[in-house]
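A.B. asks: Let me begin by handing over the structure; questions about it come next.
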Amino acid sequence: MPAGRPGPAAQSARRPPPPLPLLLLCVLGAPRAESGAHTAVISPQDPTLLIGSSLQATCSVHGDPPGTTAEGLYWTLNGRRLAPELSRVLNASTLALALANLNGSRQQSGDNLVCHARDGSILAGSCLYVGLPPEKPFNISCWSKNMKDLTCRWTPGAHGETFLHTNYSLKYKLRWYGQDNTCEEYHTVGPHSCHIPKDLALFTPYEIWVEATNRLGSARSDVLTLDILDVVTTDPPPDVHVSRVGGLEDQLSVRWVSPPALKDFLFQAKYQIRYRVEDSVDWKVVDDVSNQTSCRLAGLKPGTVYFVQVRCNPFGIYGSKKAGIWSEWSHPTAASTPRSERPGPGGGACEPRGGEPSSGPVRRELKQFLGWLKKHAYCSNLSFRLYDQWRAWMQKTHKTRNQHRTRGSCPRADGARREVLPDKL
Amino acid sequence: MPSARGEQGSEGLEAGVWVPATPGSGKGAARAGESRALVSEDPQADSSISPLPHLEAKIHQTHSLARLLTKYAEQLLQEYVQHQGDPFGLPGFSPPRLPVAGLSAPAPGHAGLPAAERLQLDAGALSALPPLLDVVRRHQAELNPRALRLLRRLEDAARQARALGAAVEAVLAALGAETRGPRPEPAVAAAAAAAAATDAGVFPAKVLGLRVCGLYREWVSRTEGDLGQLVPGGPA
């Protein structure tokens, strides 16, 4: 086991303990009024040490009568008595302690090393700070809500476990000019995050980095360079409405409004829809909604409750070429498809309202067919609206046929009538 | 008289804010006699308006406040020892009970003193506690910066001690007893002491905080007991 004194780096990194009001406390070294006049001083006082290092400490007793013996004194660390073989009497009034291969501090306020008299009373104490210097923070990511602020998040090096209080400071500056600034609102979206609420410039890059400091040293992350316009996010689309499409059993119509804070800038915005069956945890995502504010979900199961959410990516804001950052999902909105006897297909696609063709294969082919018909036939009134009406009629007639099959009676082969129970309502 | 507010946990108690009186026990005014004896008789007072119910209500409310703060003081002490690490908080942990300048524990003979004198000592201790609690909070902000609940409890305790002290002074004034009167601001003395700080170490800082939190609990509990003896129907 290594044995030695704390390294000079550890000692030089030691922070002075907080000052104590002189009048408020008699230092543990002054005469005690209650149980004799023995006091002591521990050295070193409040050392800072690397994990795995060693410590040699002394407890020097001052007392009345002079020459009070160190015999009978003992040490505790965090309330546990230390083995006698770790201690030795240096002289009549001094008890020494040797600890090796120290573990990280149990609490951030320091491990409590205490020197006790023979009767167990406390003579003196010292707090040990045993830990690691911080490692370089990494994985900084930032986003701006509606171009008004900047929030950044990072990962502490070594997963943050230094056993010492480690202070993280987010710094930023304009790349080409300006002074370093320090973020002040910490822990806004987690323990390693900071929020810059105002006074941010657009169309010019910022440099951002994180500095970590504790009693044993400091570390600095790599610098992240970004333009606010390239990391913009926004609010979820408000006013999401989901409704049935007439009597169509496998479709729902979804409508929403552009996020108001950026509504004048969202002509290139992208939207995404996700939906799931009520009692399922699996979401299906419709990715290709472009910059519309309405969409039709098709291929749904009839008679089923669906939860639907929408989110927005303010892509291309102020000409930014970067991908933009998706907003949070809107609050779930629920709606149910009409009931049907025939189970619907499980797939989903987004069909825009108003007859605009989507990229679904069936409708693409139908569009081509309708286009050909208009050129070569005399059906000038054909449109998607007419197609939807046809589908609704088909489903209705299919339901009617099923009702005739299952209600009333049907003749048996031997001529007797057989009653069939009606459908469940 | 400040309006009453509901109990809000350890936050929100300002000087002059009163906790509503707990539901009356319906007991007779067994202790009302002592309250009446302490009320100074003002010959100028309108004999048709008796100040006694007002005084009893004030005592009752202050007693309720003291009872609530006794509970908070216990929680503060538990929270404090938890963040200092063992042996703080272990059974039998007994650091030296060193004197704290400007404040000592209630004397053994405190309970035998006249009511007004006891309340005066209570008020004096409660006025000395806030700057001491502020010092402890500053130390803990250095030692335990992530212990936000502890830091908040220490801040609240200073405010609550001021509130209770002011309430006790108001009871004393209503009883016609002498109040503390103008004294040098305790915070000035504490600030001056902090400016002349010595490098005493972290362990003594932890012990100081334990001592101050303990004194806060003792004096709030003592105040509750002293007021309880004045509440109608309270213990003799």
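A.B. asks: Taking the stretch A:262-279 as the search range and keeping residues that are out of contact with any strand residue (DSSP E or B) (no Cβ under 8 Å at 6 or more places or on another chain) and surrounded by fewer than 16 Cβ atoms within 10 Å (Cβ to Cβ), which one is nearest to residue A:330 (Cα to Cα)?
C.D. replies: A:263
A.B. asks: Here's another thing I want to ask about it. Looking at (1) away from every other protein chain (no Cβ under 11 Å); (2) touching a residue at least 40 places away in the same chain (Cβ under 8 Å); (3) in a loop (DSSP other than H, G, I, E, B), which is the one condition that is false for residue B:73?
C.D. replies: For residue B:73, the failing item is (3).
A.B. asks: Go over the candidates B:106, B:131, B:96 one by one and state the one that is within 12 Å of chain A (Cβ to nearest Cβ), part of a loop (DSSP other than H, G, I, E, B) and in contact (Cβ under 8 Å) with a residue 12 or more places away in the chain.
C.D. replies: B:96
A.B. asks: Residue B:127 versus (1) touching a His at 6+ places or on another chain (Cβ under 6 Å); (2) modelled with pLDDT under 95: which is the lone unmet condition?
C.D. replies: (1)
A.B. asks: Let me ask something else. Do we find a residue being closer than 28 Å to residue B:136 by Cα, of a type in the set (Lys, Arg) and at pLDDT 95 or above anywhere in the stretch A:64-80?
C.D. replies: Yes, there is a match, as at least one residue in the stretch A:64-80 is closer than 28 Å to residue B:136 by Cα, of a type in the set (Lys, Arg) and at pLDDT 95 or above.
A.B. asks: Same structure, new question: For a quick check of your reading: which strands (runs of 3 or more DSSP E) sit entirely within the stretch A:153-249 and have at least 1 residues that are modelled with pLDDT of 95 or more and outside the structural domain of residue A:322 (by the TED database)?
C.D. replies: Output list reads A:167-174, A:193-196, A:205-214, A:217-220, A:224-227.
A.B. asks: Considering (1) modelled with pLDDT of 90 or more; (2) more than 47 Å from the chain's Cα centre (by Cα); (3) within 10 Å of another protein chain (Cβ to nearest Cβ); (4) crowded, with 20+ Cβ neighbours inside 10 Å, say which one residue A:40 fails and leave the rest.
C.D. replies: Unmet for residue A:40, out of (1) modelled with pLDDT of 90 or more; (2) more than 47 Å from the chain's Cα centre (by Cα); (3) within 10 Å of another protein chain (Cβ to nearest Cβ); (4) crowded, with 20+ Cβ neighbours inside 10 Å: (3).
A.B. asks: Residue check: is residue A:76 polar (S, T, N, Q), over 20 Å from residue B:95 (Cβ atoms) and either within 14 Å of chain B (Cβ to nearest Cβ) or assigned to a loop (DSSP other than H, G, I, E, B) (or both)? I'd like the intermediate steps shown before the answer.
C.D. replies: Numbers: polar (S, T, N, Q): yes; over 20 Å from residue B:95 (Cβ atoms): no; either within 14 Å of chain B (Cβ to nearest Cβ) or assigned to a loop (DSSP other than H, G, I, E, B) (or both): yes.
Against the criterion (polar (S, T, N, Q), over 20 Å from residue B:95 (Cβ atoms) and either within 14 Å of chain B (Cβ to nearest Cβ) or assigned to a loop (DSSP other than H, G, I, E, B) (or both)), residue A:76 does not qualify.
The values are calculated or read from the model by the stated rules, or taken from the named source; none is laboratory data. Quick caveat, the model's predicted, so the values are computed rather than measured. Neighbour counts run over all protein chains shown; Cβ positions are idealised from the backbone, glycine included.
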